[in-house]
Amino acid sequence: MYVPKESQPKQGGGGGKGRDGEKGGKRKIVAQNKKARHDYAIIDTYEAGLVLTGTEVKSLREGRTSLTDGFVQIDGGEAWLHNAHIPEYHQGSWTNHSARRKRKLLLHREEIDKLESKSQETGHTIVPLALYFKDGRAKAEIALARGKKEYDKRQTLREKQDRREAERTISAIKRRERG
């Protein structure tokens, strides 16, 4: 029986553009900065592209990256990611990259201007939260953040612990009702 090509199911990955032209790719997270979420109150988040060399991309795909000491700086109207550790590619040759070089972030002009003005206010900084691949392209999730005081950190940990205890109690009650 003949089936027209339009009604045949598509083969291959689900990536690429959808019917409405929107990209609906999944995020494959390479590295996260959990320390930043603990040390800073996140105000606003942005998705930025990364300008990388070939060996950096290969090393990222291996997933041995660290964002712990990373920060973003606006310099000359461009956003730069500093101190993100992407180790050298073990199969690279003389074309290998340096592990802690500064990397350019790709953002829209309005986003860069907004980040620059907000980061110059006292107590505000720009930190990387995650590195991931989306539709085969390396992306960085960066955030405008305000530093937390020590008592704020303790308060958020206490709230998190209280929430967990409440969920455990509720699930224990539901288990008893069922059994």
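Taking Lys and Arg as +1 and Asp and Glu as -1, the other residues whose beta-carbon sits under 15 Å from that of Tyr46 total -1. Among Asp75, Asp39, the order of accessible area from largest down is Asp75, Asp39, computed with a 1.4 Å probe on protein heavy atoms. The reciprocal of the average 1/r between distinct C-alpha atoms defines the Kirkwood hydrodynamic radius, which for region 105-179 equals 16.3 Å.
What ranking of Val127, Val51 comes out by heavy-atom accessible area, probe 1.4 Å, highest first?
Working: Val127 5, Val51 65 Å².
From most accessible down to least: Val51, Val127.
For the cross-link pairs Lys58/Lys104; Lys26/Lys104; Lys26/Lys118; Lys28/Lys139; Lys35/Lys148, which exceed 20 Å when the distance is taken from alpha carbon to alpha carbon? Working shown, then result.
Working: Lys58/Lys104 18 Å; Lys26/Lys104 23 Å; Lys26/Lys118 30 Å; Lys28/Lys139 10 Å; Lys35/Lys148 12 Å.
Checking Cα-Cα distances, Lys26/Lys104; Lys26/Lys118 exceed 20 Å.
Here the alpha carbons of region 25-179 define both size measures, Rg and Dmax, at 19.2, 66 Å.
Quick one: with all protein chains in place, what share of the accessible area of region 99-138 is carbon or sulfur, to the nearest percent (1.4 Å probe)? Display every interim value, and only then the final one.
Values: 980 of 2200 Å².
Ligands and nucleic acids excluded, carbon and sulfur reach 45 percent.
Counting charges near Glu116 (Lys, Arg +1; Asp, Glu -1) among other residues having Cβ under 14 Å from its Cβ returns a value of -4.
The values are calculated or read from the model by the stated rules, or taken from the named source; none is laboratory data. Predicted model, so just to flag it, every value in this text is computed and none were measured. A quick note on method: Cβ atoms are made from the backbone with ideal geometry, for glycine too, and the neighbour counts reach across all protein chains shown. We work out accessible area using only protein heavy atoms, side chains counted, and drop any ligands, DNA or RNA first. Shrake-Rupley method; radii C 1.70, N 1.55, O 1.52, S 1.80 Å.
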